[in-house]
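K.L.:
Structure incoming, see below.
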């Protein structure tokens with residue numbers, strides 16, 4: 001049964017309960033809902049906006065838990081509905097729907113799970129589902145089908161597409177470049193890896209994990225003696241490794257800015273949690289790049305290009321919602337944002353339109369781990385596969401594949417279905433479990449991986465890659481009973497971590513998870529047959545395939561391009577108009593006041609923030625770097641900064657890379673680095689409109705310049721990310737983003753108290 005409560009503002013709270021409530025229990029709910037009035041009727045008339053019935057919201061999960069803590073039993077779901085004037089009311093189709101009246105069926109789902117499909121025509125299925133498989137990959141999968149002597153299932157084909165997507169496998173960075181008829185000697189990956197080979201400095205882990213680790217200082221760990229029960233806190237010295245990571249969430253943020261940016265922030269936190277055998281995040285960074293927002297009509301420079309028929313959100317909406325989303329996730333999770341950047345840009349010349357219509361949203365951060373946990377263990381047969389976190393929903397289906405193509409290439413249904421939704425409270429619970437394990441004397445984790453693109457398919461396959469693994473699908477938590485087998489194994493529901501551990505350690509970790517109220521499921525075990533199997537309760541196997549087939553050995557990507565020399569008109573100006581030019585520059589979002597960004601995000605939570613975004617008594621100006629302490633009483637810490645120069649890169653891609661690295665270093669230079677410049681490691685995040693004439697050649701030039709410059713400086717680039725489909729299509733028209741590299745610098749600081757501040761101080765002697 002569903003009970004309705006109406007607030008003074010006419011919003012309606014719907015409570016799904018297994019039984020009728022006593023007057024006393026009803027009064028508890030009235031109090032909980034801020035004196036909302038119980039509705040005696042089983043139905044309500046009128047139009048309402050509310051959550052999709054298939055998706056239990058994070059708000060509902062927390063609300064139900066509160067009722068349980070109040071002693072109320074039998075409540076399975078609580079959702080909020082907002083009255084609107086008509087069925088045409090504005091709402092977020094990602095998360096909401098319009099209801100014509102509320103009744104006892106608002107949570108009822110009639111859809112049955114789709115059956116397993118054996119694919120007859122891979123080419124047709126690829127286009128139909130938006131899997132972004134190349135022709136070579138389709139040929140490869142047909143060969144696999146012949147070897148198996150059967151048609152591949154929809155789960156297997158979907159799984160292959162996500163595991164081998166450009167987003168996940170970075171095929172362009174590992175591919176062959178043929179520029180002006182000459183095959184380049186090195187891949188882009190090898191150019192970047194060259195920096196660490198020549199300048200290993202203090203590297204502990206690079207290119208083999210979701211984060212990069214550098215050797216860190218000895219610090220005091222202040223933590224409970226045990227994580228599975230109330231206990232005393234103790235201080236002990238540990239040797240650390242410091243982490244650096246930056247993640248881009250460009251496609252999701254373009255399509256659904258709030259949740260796209262929120263899951264970008266959540267994703268980089270999960271990456272750092274999943275480093276080694278468990279590592280801990282401390283603070284985050286963020287970068288937003290969009291087209292001009294046109295907040296006050298079209299100012300002069302915003303008339304360069306006409307507004308486009310924006311596919312999902314306007315640039316103004318993206319800037320507001322994306323920054324809200326990233327801030328919301330960090331605030332709720334408890335991670336401060338201490339460093340960032342903002343750029344808006346549009347330009348047209350040479351019959352090309354340049355703009356960040358497909359936006360850039362970068363979420364990065366710094367953290368640390370115990371040195372003993374810096375590297376993952378070697379899986380052995382018979383170890384347990386464990387998932388910690390939330391339920392499976394129809395979320396982020398095909399996100400890896402759809403993120404790998406031009407936005408607008410597929411139907412809006414496919415693109416919307418590929419976007420994730422965030423639940424920071426659930427992630428905090430999972431993080432608390434990992435933290436308790438990381439701070440214990442003995443870490444039982446053999447290996448750990450976050451759930452990102454491809455969901456269970458990607459995460460669990462990487463956990464069992466060295467041995468093979470068998471997953472019992474009946475053990476996976478199902479939040480939406482309409483999910484098909486393909487949707488269960490491939491959904492990208494967030495806030496989940498996959499772990500490997502020995503059977504004897506499961507009970508201890510379960511006690512920690514129960515105490516932190518983090519759902520934990522033992523879903524399978526490693527085998528010794530190098531196969532990857534998902535088996536239903538009825539014995540049917542939607543996935544039953546050799547790992548070598550899943551990870552595939554299709555032909556290397558070949559990028560053939562030629563150099564296109566772009567020339568731009570020189571800047572024309574009048575000295576008499578200098579004051580007017582200055583007024584215009586001060587209005588640019590990149591230059592103007594950032595209070596609307598900095599004032600809504602927590603900049604100091606954790607008690608370890610040594611340098612945050614705002615400085616001085618007036619919280620002005622913005623700092624050039626962020627810095628954190630590694631413990632509560634010491635001086636050792638980590639500094640981080642950001643650099644980018646896409647406008648320079650348009651003219652000269654090599655100079656753009658050099659300028660981006662230089663800016664990150666000039667921003668971090670006023671922190672006392674422990675080993676001077678050798679302390680610094682860089683994360684390079686590449687956003688480029690590949691497969692447009694001349695752009696692949698420009699990308700190669702840019703990466704080579706970054707590699708050469710880092711090598712000459714004696715520093716390394718041990719981590720990064722690429723997003724190489726930075727083109728947005730409007731029918732036959734397209735807008736390409738300027739080729740952009742964002743450099744995040746991270747370095748150990750010897751004394752956080754000696755960082756030079758950009759605040760102008762009055763000389764009291766005068």
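The values are calculated or read from the model by the stated rules, or taken from the named source; none is laboratory data. This structure is a prediction, so every number in the text was calculated from the model and none was measured. Glycine also receives a Cβ, built like all others from the backbone with ideal geometry; neighbour counts cover every protein chain displayed.
K.L.:
Give me the pairs: first residue in segment 48-76 and under 25 Å from residue 100 (Cα atoms), second residue at pLDDT below 90 and in a strand (DSSP E or B), beta-carbon distance under 9 Å, and six or more apart or on different chains, which are they?
P.N.:
Sorted first by the residue in segment 48-76, then by its partner, the pairs are 49/96; 50/96; 51/96; 52/96.
K.L.:
Report, by residue number, each residue of segment 601-641 that is within 28 Å of residue 234 (Cα to Cα) and part of a strand (DSSP E or B).
P.N.:
Scanning segment 601-641 gives 609, 610, 611, 627, 628, 629, 637, 638, 639.
K.L.:
A further question on this structure: Given the condition over 30 Å from residue 257 (Cα atoms) and touching a helix residue (DSSP H, G or I) at 6+ places or on another chain (Cβ under 6 Å), answer yes or no: does some residue in segment 94-116 qualify?
P.N.:
yes
K.L.:
Identify the residue in segment 705-727 that is assigned to a helix (DSSP H, G or I) and within 29 Å of residue 291 (Cβ to Cβ) and, among all such residues, is farthest from the chain's Cα centre (by Cα).
P.N.:
Going residue by residue through segment 705-727, those that are assigned to a helix (DSSP H, G or I) are 705-713.
Checking the rest, the ones that are also within 29 Å of residue 291 (Cβ to Cβ) come to 705-706.
Working: 705: 27, 706: 24 Å.
Checked segment 705-727; the qualifying residue farthest from the chain's Cα centre (by Cα) is 705.
K.L.:
Still on this structure, please answer the following. What are the residues in segment 324-339 that are out of contact with any helix residue (DSSP H, G or I) (no Cβ under 7 Å at 6 or more places or on another chain) and under 17 Å from residue 258 (Cβ atoms), if any?
P.N.:
Of everything in segment 324-339, those that are out of contact with any helix residue (DSSP H, G or I) (no Cβ under 7 Å at 6 or more places or on another chain) and under 17 Å from residue 258 (Cβ atoms) turn out to be 327, 331.
K.L.:
Here's a follow-up. Do we have any residue at all in segment 34-42 that's touching a residue at least 40 places away in the same chain (Cβ under 8 Å) and more than 23 Å from residue 495 (Cβ to Cβ)?
P.N.:
Restricting attention to segment 34-42, the residues satisfying the condition of being touching a residue at least 40 places away in the same chain (Cβ under 8 Å) are 42.
Next, from what is left, pick out any that are more than 23 Å from residue 495 (Cβ to Cβ): 42.
Yes, segment 34-42 has at least one match.
K.L.:
In segment 64-92, how many are within 15 Å of residue 4 (Cβ to Cβ) and out of contact with any helix residue (DSSP H, G or I) (no Cβ under 8 Å at 6 or more places or on another chain)? Talk me through it step by step, then tell me what you get.
P.N.:
First pass over segment 64-92, keeping only residues within 15 Å of residue 4 (Cβ to Cβ): 75, 77-83.
Retained after the next criterion (residues that are out of contact with any helix residue (DSSP H, G or I) (no Cβ under 8 Å at 6 or more places or on another chain)): 81-83.
Qualifying residue count, segment 64-92: 3.
K.L.:
Consider only pairs whose beta carbons are under 7 Å apart and that are at least six residues apart or on different chains; among these, list those whose first residue lies in segment 126-139 and is over 16 Å from residue 551 (Cα atoms) and whose second residue is part of a loop (DSSP other than H, G, I, E, B) and at pLDDT 85 or above.
P.N.:
Filtered contacts from segment 126-139: 126/133.
K.L.:
Let me ask another. So is residue 190 farther than 22 Å from residue 434 by Cα, without any contact (Cβ under 8 Å) to a residue 60 or more places away in the chain and either assigned to a loop (DSSP other than H, G, I, E, B) or under 28 Å from the mean Cα position of the chain (by Cα) (or both) or not? Can you show your working first?
P.N.:
Working: farther than 22 Å from residue 434 by Cα: yes; without any contact (Cβ under 8 Å) to a residue 60 or more places away in the chain: yes; either assigned to a loop (DSSP other than H, G, I, E, B) or under 28 Å from the mean Cα position of the chain (by Cα) (or both): yes.
Spelling it out, residue 190 is indeed farther than 22 Å from residue 434 by Cα, without any contact (Cβ under 8 Å) to a residue 60 or more places away in the chain and either assigned to a loop (DSSP other than H, G, I, E, B) or under 28 Å from the mean Cα position of the chain (by Cα) (or both).
K.L.:
Evaluate segment 92-101: report whether one residue or more is loosely packed, with under 13 Cβ neighbours inside 10 Å and either assigned by TED's automatic domain parsing to the domain that holds residue 392 or modelled with pLDDT of 95 or more (or both).
P.N.:
The answer is yes; a qualifying residue exists.
K.L.:
Here's another thing I want to ask about it. What are the residue pairs meeting all of these: first residue in segment 589-605, first residue touching a residue at least 40 places away in the same chain (Cβ under 8 Å), second residue assigned to a helix (DSSP H, G or I) and surrounded by fewer than 14 Cβ atoms within 10 Å (Cβ to Cβ), Cβ atoms under 6 Å, and 6 or more apart or on different chains?
P.N.:
That search, which allows pairs on different chains as well, returns nothing.
K.L.:
Using the structure shown, decide if residue 598 is surrounded by 18 or more Cβ atoms within 10 Å (Cβ to Cβ) and under 26 Å from the mean Cα position of the chain (by Cα). Please lay out each step first, then the result.
P.N.:
Working: surrounded by 18 or more Cβ atoms within 10 Å (Cβ to Cβ): yes; under 26 Å from the mean Cα position of the chain (by Cα): yes.
So residue 598 fits the description; yes.
K.L.:
Looking only at segment 8-33, filter to residues that are over 17 Å from residue 72 (Cα atoms) and touching a residue at least 24 places away in the same chain (Cβ under 8 Å); which one of those is surrounded by the most Cβ atoms within 10 Å (Cβ to Cβ)? Walk me through how you get there before you give the answer.
P.N.:
Within segment 8-33, the subset over 17 Å from residue 72 (Cα atoms) is 8-12.
Among the residues that remain, those that are also touching a residue at least 24 places away in the same chain (Cβ under 8 Å) are: 8, 10-12.
Working: 8: 9, 10: 11, 11: 16, 12: 21.
Going through the qualifying residues, I end up with 12.
K.L.:
Select the helices (runs of 4 or more DSSP H) contained entirely in segment 433-532, then report the ones holding at least 2 residues which are out of contact with any helix residue (DSSP H, G or I) (no Cβ under 7 Å at 6 or more places or on another chain) and surrounded by fewer than 17 Cβ atoms within 10 Å (Cβ to Cβ). I'd like the intermediate steps shown before the answer.
P.N.:
Working: elements: 455-463, 485-490, 506-515.
The qualifying helices (runs of 4 or more DSSP H) are 506-515.
K.L.:
Another question, then. Please go through segment 103-119 and give me each residue that is part of a strand (DSSP E or B) and either in the same structural domain as residue 489 (by TED's automatic domain parsing) or out of contact with any strand residue (DSSP E or B) (no Cβ under 9 Å at 6 or more places or on another chain) (or both), ordered by number.
P.N.:
Looking only at segment 103-119, we keep the residues that are part of a strand (DSSP E or B), and these are 118.
Residues satisfying the conditions do not exist here.
K.L.:
Let me ask you something else. Of the conditions (1) assigned to a loop (DSSP other than H, G, I, E, B); (2) in the same structural domain as residue 459 (by TED's automatic domain parsing); (3) in contact with a strand residue (DSSP E or B) (Cβ under 9 Å, 6 or more places away or on another chain); (4) surrounded by 14 or more Cβ atoms within 10 Å (Cβ to Cβ), residue 541 fails just one. Which one is it?
P.N.:
(2)
K.L.:
Go through segment 224-248 and give me each residue that's in a strand (DSSP E or B) and under 28 Å from the mean Cα position of the chain (by Cα). If you could, list the steps in order and put the result at the bottom.
P.N.:
To start, the set of residues in segment 224-248 that are in a strand (DSSP E or B) comprises 224, 233-248.
If the condition is that a residue be in a strand (DSSP E or B) and under 28 Å from the mean Cα position of the chain (by Cα), then 240, 241, 242, 243, 244, 245, 246, 247, 248 are the ones that fit.
K.L.:
Oh, and also: State the number of residues belonging to segment 234-243 that are buried (at least 24 other Cβ atoms within 10 Å of the Cβ) and either in contact with a helix residue (DSSP H, G or I) (Cβ under 9 Å, 6 or more places away or on another chain) or more than 23 Å from residue 203 (Cβ to Cβ) (or both).
P.N.:
Applying the first criterion (buried (at least 24 other Cβ atoms within 10 Å of the Cβ)) to segment 234-243 yields 240-243.
Restricting the remaining residues to those that are either in contact with a helix residue (DSSP H, G or I) (Cβ under 9 Å, 6 or more places away or on another chain) or more than 23 Å from residue 203 (Cβ to Cβ) (or both) gives 240-241, 243.
Counting residues in segment 234-243 that are buried (at least 24 other Cβ atoms within 10 Å of the Cβ) and either in contact with a helix residue (DSSP H, G or I) (Cβ under 9 Å, 6 or more places away or on another chain) or more than 23 Å from residue 203 (Cβ to Cβ) (or both) gives 3.
K.L.:
Another question about this same structure. Out of everything in segment 550-600 that is part of a loop (DSSP other than H, G, I, E, B) and within 30 Å of residue 161 (Cα to Cα), what residue ends up being modelled with the lowest pLDDT? Quick ask: steps written out before the conclusion?
P.N.:
Applying the first criterion (part of a loop (DSSP other than H, G, I, E, B)) to segment 550-600 yields 552-557, 562-574, 588-594, 599-600.
Subsequent filtering for residues that are within 30 Å of residue 161 (Cα to Cα) retains 552-557, 562.
Details: 552: 67, 553: 69, 554: 63, 555: 70, 556: 82, 557: 87, 562: 97.
Checking each candidate, the answer is 554.
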